[in-house]
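Remarks on the structure that follows.
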Amino acid sequence: MNSQVHQMTTKQAEKILFETYTIVGKASLLPGEIDTNFKIQVNDKNTYILKISPENSDEHELDFQQSIVAFLADKNTAIIAPKIVLDANHKTISTISLDAKTTLKVRLLTWIDGRVWASVNPQLNDLRFSLGVKAGKITKALQGFHHPKAERIFDWDIAQGVWTKKYVHLFKPEEKELVSYFLNTFESVQNKYSELRKSVVHNDANDHNILVSEIGINPKVTAIIDFGDAVKTQIINDLAVACAYAIMDKNDPLDAALPIVKGYHASFALEEKELEFLYVLIAMRLVISVTKSAINKIENPENEYLVISEKPAWNLLKKWHKVSADFAHFSFRNACRFNAHPDQEKFENWAKQHTFSLSELFPTIHKNEIHHLDLSISSTFVGHQNDFNNLDLFQFKIEQLQKEVPTKILAGGYLEPRNLYTSTEYDTIGNYGNQSRTIHIGVDFWLPQNTPVHALFDGEVVILENDIGDKEYGGLVVLKHQQKDFCFYTLYGHNTAKSVLKHTLGAIIKKGAQVAALANYPENGNWAPHLHFEITLSLLDYKTDFPGVAYFNQIEVWKSLCPDPNLLFKMNGFKENLIDVSADILLDRKKHLGKSLSLQYKNPLHIVKGANQYLIDAFGRKYLDTVNNVAHVGHENFNVVKAGQHQMALLNTNTRYLHENITTLAKELLETLPKELSVLHFVNSGSEANELAIRMIKACTNSDEIIASEHGYHGNTSGTIHISSYKFDGKGGKGKPKNTHIFPIPDAFRGKFRGENSGENYAQEVQLLIDEIHQQNKKVGGFIIEPIISCGGQVALPSGFLQEAYQKVRKAGGLCVSDEVQTGVGRMGKTFWGFQFHDVVPDIVTIGKPLGNGHPIAAVACTKEVAQKFANGMEFFNTFGGNPVSCAIATEVLREVKREKLQENALKVGDYLKSELQKLSEEFPIIGDVRGQGLFLGIELVDKQLHPLAEKTDYVINRMKYFGILMSSDGPDHNAIKIKPPLTFTIKNAKEVIFYLHKIFSENFMQII
């Protein structure tokens, strides 16, 4: 290679362009390995790529590349490909002299617009699918193309990749071992591999050769350019190349490859036998890449492009080595809609011809029917996770259920989504954020300990493991069953050490012989006694263990690999699992529920369980919840649940009888409030609390003139909607009533008045309303506001505003109400109540959602003066307000806040989160404002002119859902992201939120101009 080519300047390129093509244009350098490439801009309509090849370039090879471009153009396909521009002498390849010693080859092609793959962020499944589609279309279009140089000797041809073997010495010991592994694997399959289909293929769909449509939410691959590496080779190699580059830097490279495989197959049908080699071919492309980099660092140290993918390639090679080759093969087959396991149909046909009874598996039990035991995520039998973890209690429940069905065996579990596995061994970080193995792929039979387990058919012992206390199995035996043209394996887990260790590897266990005996905890992996019985058609790479639980996103492969054990028994009673009923639920909602009920997300989540700061869907995916402040002390908090259950089993009635729960709650609550607020009234919801506050205002002031903030929201009753600008000024609203007076939202960021000192100006707006009320010869009734305006966009009140507003209202004879429905009970961190942050004491405080942790209970706290005036002879009675169950729950919530120091946690985690969000805002100006206190925070997305960016806000929320984090927007312009999670939120959770927000704000769509 002539180094002068790579040192060529743009001025030289422009001169060559004019002299060769009589075209005047501006040149800019592009990356390249052999050729030096320049983008040529002539005008807005005419753009070209000038390719200058070294003097030692084979003109026949250049003609090969030009012929491919011409062939694609002649076929008139839908493929976007460059067109050849002839030189002044009507030639496709020009020979020029750079100087007396240097002769170069020059070509000019039309430019194709688009973003290169390397610049596209994020690269999601739909985009990777479109890459596969485009690559497959090019291969299909090239069928029938021939050229003498197609079968050239070429280092980048995977089929010729064994040349890298002589350079293995360039690598470090660990790298050498890795490369050698894949080289040896590749060499071992040469006989079958060499027989695969061949044709001319593109062979170089790398980061800089793939063009993508302009920035949008769903970009697509529009073209694959540069046929410089085209070669006649095994067709499957072309797909391997596309995968190798497109799955770099992915946590789960196999999962990232599957859409590419699926897309390629959709355009150009792959053969089953080709997919057997794809795993090692992807690795071989990477081996060639790292070998080239190692050589080029020695031969061409000045050319950074030649080693640009070295580090990502090594990282991918290491990850790829950890992927089971067999599992990758099965996954590729599944992506192409073949049976994932090649022997699936053989096993199913064999199973149809054989039927076994449970009495053969458990000959001492004499039972042949099952009673389904549901341990799924939504199972009420499992109950709370803490109850399930109490193995004595769980075993007692098993025994009681068994008494109800004495003639049956308790069984179930195949493809059952479970949330029972709490060990981190079941977790990983995939391409979609955190994920857990939740889908059970065997059947469990719940029987007494020491129950003998016998072989259903002859088998060879291939795995023996006695890992006492192991989270999966404890004592494990796996038998191999060889049939005429396939084999399968049966797995027996949760057995005693003694029964397992009496066997030896390689021994044959005959049909009817004892395999094992069931163990109890802790010997069996900390489970109540049962047999985990599983069938698999392959052991993959496992030598001492085998999964009993799989990731949901891989389940189609596992279903084929580990077929239903009931294919052997053919029994009735087993439940079919993994049925997606969300569409049915959605249909029923539309049919039976009011249309005004909204759902979060365009594709709503089917949530069936809560666990502390997580919500869990029907298939076991956990979503980190940053939105549900209702679950104040954590979703399904164990102590709160138990308090409710215990009281519910005793008594639930109204407040006309004496009961200590209501006074106990009152004392707990009053301890948190200023001494001035000494009287409580209990209701069921925040809306009821604010409705009662309105009644109190009228009773105390003889006025129903209420002052409230623009975009404020105070409830869903008729009275509270009348004071909620968020509702009556919104869609479907009828505007403000005459007795409601609205001042501008006190937003120091984008409001009427801005900056830190805007509080006084907003307080003056309140005074203007007071004056207006007086001018109408009316009295001021009351003033209501949240300490942080939630539906208005998490708007924090400016300093000094609340103090001045309270003074002005009280001077006019009105009452001040602090709506603490969302901000109270420790959420502010620095203070227990939001109003305390502003150094004021309201006349009335309304309390709602957090008090019951999801159970309907709320309260109104007021001064004695307000309480006395309200008690005007009309009885206040609320059927359910203050009932013993609700009070027991609320009391436990307050105690949990104190006991677990959740207010302190809100301060610590909230301060950390706010600080990190502010750092994000410095890096990403689209975050115009970060505000709030404790774990009640908001970020507002705006452009440089502070215009709201609702579409980008929605994008962030949906992308966070993609990574398993629930967020929501609010504010009049729907551009504020609210963060108000359960108070059990941790620093680790906050770091996860920040990590993925950073990732998303770095994406193309989130850039602002």
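All of the numbers you see were taken from the coordinates with simple rules; none came from a lab. Owing to the predicted nature of the structure, the values given are computational and were not obtained by experimental measurement. A quick note on method: Cβ atoms are made from the backbone with ideal geometry, for glycine too, and the neighbour counts reach across all protein chains shown.
By the gyration tensor of its Cα atoms, with a ≥ b ≥ c the square roots of the eigenvalues, what is the shape of region 345-569: rounded for a/c under 1.5, prolate for a/b over b/c, or oblate? Don't jump to the answer; show the numbers that get you there.
Values: a/c = 1.40, a/b = 1.13, b/c = 1.24.
It is rounded, given that a/c, with a ≥ b ≥ c, falls under 1.5.
Ordering Met248, Met571, Met874, Met284 by the number of other Cβ atoms within 10 Å of each residue's own Cβ, fewest first, gives Met874, Met571, Met248, Met284.
Looking at the chain, which longest stretch skips every one of the GluC sites (Glu not before Pro) that is in a DSSP loop with at most 12 other Cβ atoms within 10 Å, leaving the sites themselves out? Before the final figure, lay out each step's value.
On the way: sites that count: Glu195, Glu214, Glu302, Glu576, Glu671, Glu756, Glu875.
Within the chain, the longest run free of exposed GluC sites (Glu not before Pro) spans 303-575.
Multiply the residue gap between Leu599 and Gln764 by 0.36 nm, knock off their C-alpha separation, and tell me the result in nm, one decimal place.
Working: separation 165, 0.36 × 165 = 59.40 nm, distance 3.90 nm.
Using 0.36 nm per residue and subtracting the Cα-Cα distance, I get 55.5 nm.
One chain, two ends: Ser97 and Gln12. Fully extended at 0.36 nm per residue, the span grows by 29.4 nm beyond their Cα-Cα distance.
Can you classify the chain as rounded, prolate or oblate using the Cα gyration tensor, where a ≥ b ≥ c are the square roots of its eigenvalues, rounded means a/c under 1.5, and otherwise it's prolate if a/b beats b/c and oblate if not?
On the way: a/c = 2.91, a/b = 1.31, b/c = 2.22.
Oblate, since a/c reaches 1.5 and b/c is not below a/b.
Take the Cβ atoms of Thr185 and Lys830, set R0 to 60 Å, and the FRET efficiency comes out at 0.50. Protection proxy ranking of 36-46, 509-519, 881-891, by the mean of other Cβ atoms within 10 Å over each peptide's residues and highest first, is 881-891, 509-519, 36-46.
Going through the cross-link list Lys622/Lys898; Lys297/Lys543; Lys83/Lys250, which pairs have a Cα-Cα distance over 29 Å in this structure?
Details: Lys622/Lys898 27 Å; Lys297/Lys543 40 Å; Lys83/Lys250 35 Å.
Where the Cα-Cα span goes over 29 Å, the pairs concerned are Lys297/Lys543; Lys83/Lys250.
Placing +1 on the Cβ of every Lys and Arg and -1 on the Cβ of every Asp and Glu, with nothing else charged, gives the chain a dipole about its Cα centre of roughly 1120 debye.
Simple rule: put +1 on each Lys or Arg Cβ and -1 on each Asp or Glu Cβ in region 909-1009, find the dipole, and look at Thr984, Phe1001, Thr953; the Cα lying farthest toward the positive end is Thr984. Points 7 angstrom from Cα along the Cβ direction at Val42 and Glu348: gap in nanometres? Here the modelled spin labels are 5.9 nm apart. Using a cut-off of 11 Å between beta-carbons, work out the net charge of the residues near Gly800 (Lys and Arg +1, Asp and Glu -1, Gly800 not included). Residues near Gly800 contribute -4 overall. Given axes a ≥ b ≥ c from the Cα gyration tensor, I'd like to know whether region 393-505 is rounded (a/c under 1.5), prolate (a/b larger than b/c) or oblate. Taking the square roots of the gyration eigenvalues as a ≥ b ≥ c, region 393-505 is oblate. Note on Lys15: aspartates and glutamates with a C-alpha under 20 Å away, same-chain residues under 8 apart excluded, are Asp35, Glu55, Asp87, Asp99. By the rule of a C-alpha distance below 19 Å, with chain neighbours fewer than 8 residues away ignored, the aspartates and glutamates paired with Lys901 are Glu636, Glu668, Glu671, Glu892, Asp911.
Hey, can you list the DSSP H helices of the chain whose Cα span along the axis is 30 Å or longer and whose average Kyte-Doolittle score is at least 0.0?
Details: long enough: 278-299 (31 Å, 1.12); 902-923 (31 Å, -0.82).
Taking the DSSP H segments of the chain (at least 30 Å long, mean hydropathy at least 0.0), we get 278-299.
Stretched out fully, how many nm does the piece from His974 to Ala649 gain, at 0.36 nm a residue minus the Cα gap? Each step should come with its number before you reach the end.
Numbers: separation 325, 0.36 × 325 = 117.00 nm, distance 4.42 nm.
The His974-Ala649 span can extend by a further 112.6 nm.
Over 19 Å apart at the Cα level, from the set Lys134/Lys273; Lys11/Lys105; Lys166/Lys322; Lys778/Lys811, are Lys134/Lys273; Lys166/Lys322. Sparsely packed loop sites in region 642-734 (the trypsin sites (Lys or Arg not before Pro) outside DSSP H, G, I, E and B with at most 16 other Cβ atoms within 10 Å) comprise Arg656, Lys675, Lys731, Lys734.
For the chain, what does -39500 (n - 2.57) per DSSP helix run (n ≥ 4), summed and divided by total residues, give at 222 nm, in deg cm²/dmol to the nearest 500?
Values: 32 runs with 352 residues, N = 1009.
Taken over the chain, the calculation gives -10500 deg cm²/dmol.
The distance from the alpha carbon centre of region 589-642 to that of region 935-993 is 17 Å, rounded to a whole number. Rounded to 0.05, the FRET efficiency of the Ile153 and Glu271 pair, given R0 = 30 Å and the Cβ-Cβ distance, is 0.70. Simple rule: put +1 on each Lys or Arg Cβ and -1 on each Asp or Glu Cβ in the chain, find the dipole, and look at Gly474, Gly834, Phe743; the Cα lying farthest toward the positive end is Phe743.
Centre-to-centre separation between the Cα atoms of region 406-446 and those of region 160-221: 36 Å.
Between Gln400 and Tyr657, what FRET efficiency follows from the Cβ-Cβ distance if R0 is 41 Å, with the result rounded to 0.05? So the FRET efficiency works out to roughly 0.75.
Region 790-811 and region 226-258 have Cα centres lying 59 Å from one another.
Taking 32 Å as the cut-off for C-alpha to C-alpha distance, list the pairs among Lys808/Lys908; Lys318/Lys988; Lys752/Lys991; Lys667/Lys738 that go past it. Present the calculation step by step, with values, prior to reporting the outcome.
On the way: Lys808/Lys908 35 Å; Lys318/Lys988 27 Å; Lys752/Lys991 34 Å; Lys667/Lys738 39 Å.
Listed pairs above 32 Å: Lys808/Lys908; Lys752/Lys991; Lys667/Lys738.
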